[in-house]
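Peer 1: Structure below; questions to follow.
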Amino acid sequence: MRRDELKRLVNSTSDPTFAVDSEGYITAWNAGAESLFGSQAPDALGKRCGELLQGRDECGQVCATNCTIRQAIDQRHTIGNFDLEVQTAAGRQWCNVSVLSAEDAGSTRPVAIHVVRPVDLRKRLELLMRDFVVSATSVTPENATAMITATRAPAKDAQLSGRELGVLRLVAQGKTSKEIAAELGISRTTVNNHVQHILQKLNARSRLEAIRRAEHAGLI
């Protein structure tokens, strides 16, 4: 798809919609996005998606250079919609994001078209429900969140291999790299390499953050 065709497609919808290239830069930005985010197209074009959205989910910062959605797009995987708290013209607001991929005539990697719909009231009700479940039962906040919103977590589209999931489950059990290596019959170096790949794919800075994101997304 040529850039002019892409812009026409983005501008054809009234929902806030924008396109992001393979490097994470915004290449198309419609009137709905201007209204929601308070940034006019000339100001938004050429900026990084994460710089404008500053997206977070229940587990923390999501928007980053190593975006889990970008990883899935590059692998040509179908992406389900997900919830994200973003910076809008009216302040921080929960939105539901749908992402479509389109071939880019100027690149070998697809472009990601984001369609954004505010769902702040619904999301706040979900969080209230989560707090109620936690207070009324022995369910942990992480498990309560996963039960209510796992299908709309950005990390659910992270492409973890079977081995990586196995390592992550053992990490979640509190096992050390040495213990995991002994259980799986691999070296500690290999375990640590798997952990680094897991952190990268989940956009996590620590093992604990990776566990939280994976639990929230229903991966483990």
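No lab work stands behind these numbers, since they all come straight from the coordinates. The structure presented is a predicted model; accordingly, all values stated were derived computationally and were not measured. Cβ sites come from the backbone with ideal geometry, for glycine too, and all protein chains shown count toward neighbours.
Peer 1: Compute the helix-to-body angle for 120-136: its Cα long axis versus the longest principal axis of the chain, expressed 0 to 90° and rounded to tens.
Peer 2: For 120-136 against the chain, the angle is about 20 degrees.
Peer 1: Report the longest stretch of the chain that contains none of the GluC sites (Glu not before Pro) sitting in a DSSP loop with at most 15 other Cβ atoms within 10 Å.
Peer 2: For GluC sites (Glu not before Pro) (loop position, at most 15 other Cβ atoms within 10 Å), the longest site-free span of the chain is 104-220.
Peer 1: May I ask you to derive the FRET efficiency for Arg205 and Leu184 from their Cβ-Cβ distance with R0 = 22 Å, giving the value to the nearest 0.05?
Peer 2: 0.35
Peer 1: Show that you can apply the helix-only estimate: for the chain, add -39,500 (n - 2.57) for every DSSP H stretch of four or more residues, divide by all residues, and state [θ] at 222 nm to the nearest 500.
Peer 2: My calculation for the chain gives -13000 deg cm²/dmol from helical runs alone.
Peer 1: Could you calculate, for region 24-114, the ratio of the Cα radius of gyration to the Kirkwood radius, expressed as Rg to Rh?
Peer 2: 0.94
Peer 1: Now for a different question. How far is the Cα center of region 171-207 from the Cα center of region 93-117, in Å?
Peer 2: First find each Cα centre; the distance between them is then 31 Å.
Peer 1: Next question, about the same structure. Can you pull out the trypsin sites (Lys or Arg not before Pro) in region 28-132 whose DSSP state is coil and whose Cβ has at most 13 other Cβ atoms within 10 Å?
Peer 2: When the trypsin sites (Lys or Arg not before Pro) of region 28-132 are filtered for loop state and at most 13 Cβ neighbours within 10 Å, Arg76 remain.
Peer 1: Sum up the charges of everything whose Cβ sits under 11 Å from the Cβ of Arg3, counting Lys and Arg as +1 and Asp and Glu as -1, but leave Arg3 out.
Peer 2: -1
Peer 1: Determine the principal axes of the Cα atoms in the chain, then give the extent along each, sorted from largest to smallest and rounded to whole angstroms.
Peer 2: 55, 45, 23
Peer 1: Helix 207-216 versus the longest principal axis of the chain: what angle, 0 to 90°, nearest 10, using Cα atoms?
Peer 2: 70 degrees
Peer 1: Explain nothing, just the number: relative contact order of the chain, from Cα pairs under 8 Å at least 6 residues apart, as a whole percent.
Peer 2: Relative CO of the chain lands at 18 percent.
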